[in-house]
Amino acid sequence: MEIKKIHHIAIICSDYEKSKYFYTKILGFPIINETFRAHRNSYKLDLRVGNNDMIELFSFPAPAPRCNPENCGLRHLAFEVENINKSVADLESKGINVEPIRIDKLTGKNFTFFKDPDDLPLEIYEL
């Protein structure tokens, strides 16, 4: 087997409209496709991230709450940005709380975290 790249990242949200707004209006991800699946009473929203990446945002009736992000499993999603100060200012201007910028001790690069509407940790990492 030869894996070429990550095809998509799937996120289950608790409030579809709130998360749709966050990912499309706050983060600015364009919608590729939006599908309502009546048999599951659920939405699937495909979002473009950068040039080739995709997030699938799912809604389900009464999903289980997210586990502590320090438990085993996916910890967070990280997005690459060119200017972290500009990105932080943009997020804060939209009412998003952002942690102080830190320096990655291994790479010397700047990074910080913020959360989506379901407290999923999201990271921005400067080039």
Could you pull out the residue among ASP46, ASP90 that is of a type in the set (D, E, K, R), outside the structural domain of PRO121 (by TED's automatic domain parsing) and either surrounded by 15 or more Cβ atoms within 10 Å (Cβ to Cβ) or in contact with a helix residue (DSSP H, G or I) (Cβ under 7 Å, 6 or more places away or on another chain) (or both)? ASP46
Filtering the stretch 1-19 down to residues that are among the β-branched types (Val, Ile, Thr) and more than 22 Å from ASN51 (Cα to Cα) yields ILE12
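Please count how many residues of the stretch 10-51 are of a type outside the set (Val, Ile, Thr) and touching a Leu at 6+ places or on another chain (Cβ under 9 Å).
16
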Of these, LEU77, LEU120, which one is surrounded by fewer than 16 Cβ atoms within 10 Å (Cβ to Cβ), on the phi < 0 side of the Ramachandran plot and in contact (Cβ under 8 Å) with a residue 60 or more places away in the chain? LEU77
Within the stretch 11-41, the count of residues that are over 23 Å from LEU74 (Cα atoms) and assigned to a strand (DSSP E or B) comes to 7
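The values are calculated or read from the model by the stated rules, or taken from the named source; none is laboratory data. Predicted model only: the values in this text are computed from it and were never measured. All Cβ positions, glycine included, derive from the backbone under ideal geometry; neighbour counts span all protein chains shown.
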